[in-house]
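Working notes, beginning with the structure itself.
The values are calculated or read from the model by the stated rules, or taken from the named source; none is laboratory data. Keep in mind that this is a model prediction, so the values were computed, not measured. Positions of Cβ are generated from backbone atoms using ideal geometry, with glycine treated the same way; all protein chains shown enter the neighbour counts. Side chains are part of the model used for accessible areas, which takes the heavy atoms of the whole protein and leaves out ligands, DNA and RNA. Shrake-Rupley method; radii C 1.70, N 1.55, O 1.52, S 1.80 Å.
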Amino acid sequence: MADITLTVNGQRVSTTVEDRALLVEFLRDALGLTGTHVGCDTSQCGACVVHVDGKAMKSCTMLAAAADGCEVTTIEGVAKGDALHPMQKAFNDNHGLQCGFCTPGMIMSGIDMVARYRADGRTLDEAAIREELEGNICRCTGYHNIVKSIQQAAGEM
Amino acid sequence: MHETTYHRAASVEDASRLLSASDEGQLIAGGQTLIPTMKARLAAPSDLVDISRIGALRGIEVSGRRVTIGAMTTHAEVAGSAELRSVCPGLADLAGLIGDPAVRHRGTIGGSIANNDPASDYPAGVLGLAAVIRTDKREISADDYFEGMFTTALDEGEIILSVSFDAPEACAYAKFPNPASRYALCGVFIAKGADGIRVAVTGAGNDGVFRASALEQALSLDFSPAAVDGVTVDADEMLSDIHGDAAYRANLVKVMAKRALAAM
């Protein structure tokens, strides 16, 4: 067993996890943060994307023990109270989801790409968004509105 | 995933000690290949020694044209380094084509070349650049390092510290990704430097990354896409699988070589 202390959505958590526990298992099963989804469980689909120290990562492909000392943000941590994050609002405005299963990962990847492009002074146009979504799969194939949502949020974040 | 014991190494010496004290321990860097492999129960190390947080193994140093990349530097860091891009854009481009943004935030150059997946991108760049792989025991030239599919010159417990090379005059990488996995069905890295032309191919060969010597010779006489036409790539040395047969991959080597040349 591994003792870990980390911050999840601004809350400090100290606990013990199985050494082999994945970060996503810890978030969902131990903390009850079931907004982070397990889609493929093989690092392809991106439904499990969370931010670790401010960077998008696949929580099904990272050990919980490796997140010791890190700041983790999940989909539950992006809204401010009842006020949705601009990326969440944009998905709502543009009907950026159909079944909604991939949405938490899409939103976490969307926030990450907008922040990165802004930091680098690059323009996040439609082509760049489509390229950046390489690791997020929507089985409803609703990419068009997902891209529109991220474009809108990029202007509002 | 089978049970394992996780250790976070504070230093390279610490990692070495933890590894030799374990039964069947294994180093873990970003874990972007190792964790999926363990989940599929294709690997079951008794211990995992995490070296990804060792500060001394991270970072990119550019001094003149000499480049040194710490083994635990992530693909995103290599792709995003303006300093590296100014002297060696080909390698920064290559790193930006690995996996997807989330994978690039975690995967590392050291982890990639230690694994030496025959369809991974870095081996082509490292071999094409005639890089030197520095470990906790010695320095190994890329020509001696890559020994075949998933096989390297690393000894048991040997730890990669960094990858260094002299940035060539020009270099570029062209990749034909598998449409589903995005691994290289064929990736060609071409470097033009003081010591001549080097062409390294990943994804296509039946024994991992290799140097395409016929292409190197043809390009040293005529450094142009047209020179590629006259070269025959031996299909007998290519990988053949459900994603592409050997003849298809042999053709891809030439097509990707042309694209890399066009990008230089």
For the stretch A:6-36, how many residues meet the condition of being among the basic types (Lys, Arg) and more than 13 Å from chain B (Cβ to nearest Cβ)? 2
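Out of the residues in the stretch B:178-197 meeting the condition of being open to solvent by 40 Å² or more (accessible area, probe 1.4 Å) and under 16 Å from the mean Cα position of the chain (by Cα), tell me which one is modelled with the highest pLDDT. So that I can check it myself, show each step before the final result.
Taking the stretch B:178-197 first, the residues open to solvent by 40 Å² or more (accessible area, probe 1.4 Å) are B:179-183, B:192, B:194-195.
Applying the additional criterion that residues be under 16 Å from the mean Cα position of the chain (by Cα) yields B:182-183.
Values: B:Arg182: 88, B:Tyr183: 93.
Step by step, filter the stretch B:178-197, then rank; the result is B:Tyr183.
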Tally time: how many residues in the stretch A:48-81 are within 7 Å of another protein chain (Cβ to nearest Cβ), basic (Lys, Arg) and farther than 17 Å from B:Thr74 by Cβ? 0
Quick check on B:Leu19: is it touching a Gly at 6+ places or on another chain (Cβ under 7 Å), hydrophobic (A, V, I, L, M, F, W, C) and either crowded, with 20+ Cβ neighbours inside 10 Å or outside any helix (DSSP H, G or I) (or both)? yes
Subset of the stretch B:198-238 [of a type in the set (Val, Ile, Thr), open to solvent by 10 Å² or more (accessible area, probe 1.4 Å) and under 30 Å from A:Gly135 (Cα atoms)]: B:Val209
Determine whether the stretch A:83-99 contains at least one residue that is in contact (Cβ under 8 Å) with a residue 40 or more places away in the chain and within 14 Å of another protein chain (Cβ to nearest Cβ). no
Please go through the stretch B:87-116 and pick out each residue that is in contact with a helix residue (DSSP H, G or I) (Cβ under 9 Å, 6 or more places away or on another chain) and small (Gly, Ala, Ser). B:Gly90, B:Ala92, B:Ala95, B:Gly96, B:Gly99, B:Ala102, B:Gly107, B:Gly110, B:Gly111, B:Ser112
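Being within 14 Å of chain B (Cβ to nearest Cβ), modelled with pLDDT of 95 or more, buried (at least 24 other Cβ atoms within 10 Å of the Cβ) and under 15 Å from the mean Cα position of the chain (by Cα): is that true of A:Cys45 here?
Details: within 14 Å of chain B (Cβ to nearest Cβ): yes; modelled with pLDDT of 95 or more: yes; buried (at least 24 other Cβ atoms within 10 Å of the Cβ): no; under 15 Å from the mean Cα position of the chain (by Cα): yes.
For A:Cys45, the condition - within 14 Å of chain B (Cβ to nearest Cβ), modelled with pLDDT of 95 or more, buried (at least 24 other Cβ atoms within 10 Å of the Cβ) and under 15 Å from the mean Cα position of the chain (by Cα) - is not met.
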Log entry, pairs with first residue in the stretch A:131-148 being in contact (Cβ under 8 Å) with a residue 40 or more places away in the chain, second being buried (at least 19 other Cβ atoms within 10 Å of the Cβ) and of a type in the set (A, V, I, L, M, F, W, C), beta carbons closer than 6 Å, six or more apart or on different chains, reads A:Gly135/B:Ala102; A:Asn136/A:Met106; A:Ile137/A:Cys45; A:Cys138/A:Cys102; A:Ile146/A:Met106
Are any of the residues in the stretch B:24-35 away from every other protein chain (no Cβ under 14 Å), open to solvent by less than 10 Å² (accessible area, probe 1.4 Å) and touching a strand residue (DSSP E or B) at 6+ places or on another chain (Cβ under 6 Å)? no
Conditions (1) in contact (Cβ under 8 Å) with a residue 12 or more places away in the chain; (2) closer than 24 Å to B:Ala9 by Cα; (3) in a loop (DSSP other than H, G, I, E, B): number failed by B:Glu156: (1)
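Can A:Ile129 be described as open to solvent by less than 20 Å² (accessible area, probe 1.4 Å), in a helix (DSSP H, G or I), among the β-branched types (Val, Ile, Thr) and away from chain B (no Cβ under 13 Å)?
Details: open to solvent by less than 20 Å² (accessible area, probe 1.4 Å): yes; in a helix (DSSP H, G or I): yes; among the β-branched types (Val, Ile, Thr): yes; away from chain B (no Cβ under 13 Å): no.
So A:Ile129 fails the test.
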Kindly establish whether A:Glu18 is over 17 Å from the mean Cα position of the chain (by Cα) and either open to solvent by 50 Å² or more (accessible area, probe 1.4 Å) or without any contact (Cβ under 8 Å) to a residue 12 or more places away in the chain (or both). yes
Counting only residues in the stretch B:36-56 that are open to solvent by 20 Å² or more (accessible area, probe 1.4 Å) and assigned to a helix (DSSP H, G or I), the one farthest from the other protein chains (Cβ to nearest Cβ) is identified as B:Ala56
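Quick check, is A:Val114 in contact with an Asp or Glu (Cβ under 8 Å, 6 or more places away or on another chain), over 23 Å from A:Val24 (Cα atoms) and hydrophobic (A, V, I, L, M, F, W, C)?
Working: in contact with an Asp or Glu (Cβ under 8 Å, 6 or more places away or on another chain): no; over 23 Å from A:Val24 (Cα atoms): yes; hydrophobic (A, V, I, L, M, F, W, C): yes.
No: the conditions fail for A:Val114.
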